[in-house]
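Working notes, structure below.
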Amino acid sequence: MPELTFEDFSAGDVLIGAPLTVAREDIVGFARAFDFQPFHLDEAAAQGTFAGRLIASGWHTAALGMRLLQEGPFRGGSSLGAPGIEELRWLAPVLPGDTLRVRLEITSLRDSATKPGLGFVGALLGLENGRGETVLTQRFTFMLARAGTEPLPPRPVTLAAPQPAPEPDDAETVPFLCEAEIGATRELGAYTFDAESILAFARAYDPQAFHLDDAAARRTHFGGLCASGWHTAAGYMNRLLTTRARDVAFTAARGPVPEAGPSPGFRNMRWIRPVYAGDTVRFATRITDKRASGSRPGWGLVFARNTGVNQRGEPVFAFDSTVFHQWAPPGA
């Protein structure tokens, strides 16, 4: 893979990648693994939902953005990683057969204040479909070394043996949003990132060296094979929906179940520490705010802070989400 350097980019650069067509089987395959909501799985089931038709998971779209970025503007090379995403917006659904193209605009460059020879590149990424619609925008920062500098030394890492946690059997009532308590926290259980799944996700969506090859990863500053940040986010979604399925069954035995809708986007995603092969991450979500929707009668928006900690109790992941949720029972 070619070496990317800080000098490869200048503020104001606009870089366009090659197109990629999204097949139905890819949409459904990603959804089965990570985001198994009906509007991502089946056309008939999707008709009765908020979305109304089969659409790609937003997490799938974001992961495809990473693939197109690496294949296009990154020219197959690797950065030194990204601390996170300032803001991501899902603006239009991705449909089976859509062709996506990435556009990367470089908005800023600055040297690291603590690590000589390391720079931070601010960027705005956009994905556009073949109809000229922007389906996703993402403001983020990635890290690169300056040309001619010594690479950062590998950090000492001892990979854990994968220890999948047993599935919890707890269940809670899913409230309509008008009744949801701000501050309420739901533990979502644990997701184990084994080497095989890290490599498979990287091959499909994020083929940077430290996600794709164990020996190459050990030579980087990460010091070992680690999961794509988008894999970590997808693991969170898997746990959220697995826990919700248990809560929905519990709620349905006692009364009506509120419908959950899609998300318009999120803010302040932080990949705080690498998630290494063998790590088990426990996720949780806490409601921080809510409001009724002015454009969708009967619906509202729920705002939440979502977090993940590894088996050593170290924070590894956090972001602030916004999701449509049914406000009250029909007729209430």
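Every number here is computed from the coordinates shown, using simple stated rules; none is lab data. Every value quoted in this text rests on a predicted model; they were computed, and no experiment measured them. Counting neighbours? That spans all protein chains shown, and the Cβs are built from the backbone with ideal geometry, glycine included.
Summary table
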| quantity | calculated |
| --- | --- |
| The stretch 105-133 and the stretch 299-320: distance between their alpha carbon centers, rounded to Å | 24 Å |
| MRE, 222 nm, helices only [DSSP H, n ≥ 4, -39500 (n - 2.57), over the chain, to nearest 500] | -7000 deg cm²/dmol |
| 11 Å beta-carbon shell around residue 75, net charge (K/R +1, D/E -1) | -3 |
| Length-normalised contact order for the chain - Cα pairs under 8 Å, 6+ apart - percent | 18 percent |
| Semi-axis lengths, Å, the stretch 165-332, gyration tensor of Cα atoms, sqrt of 5 times eigenvalues | 34, 17, 13 |
| Highest-first arrangement of 300-310, 79-89, 219-229, where packing means the average Cβ count within 10 Å | 219-229, 300-310, 79-89 |
| Average projected area [Cα convex hull, the stretch 1-56], square nanometres | 6.8 nm² |
| Mean separation of Cα contacts under 8 Å (6+ apart) over length of the stretch 1-147, as relative contact order % | 31 percent |
| Packing-based exposure ordering (other Cβ within 10 Å, fewest first) of 111, 35 | 111, 35 |
| Positive-end residue, the stretch 140-180 charge dipole about Cα centroid, Cβ charges, pick of 165, 178, 149 | 149 |
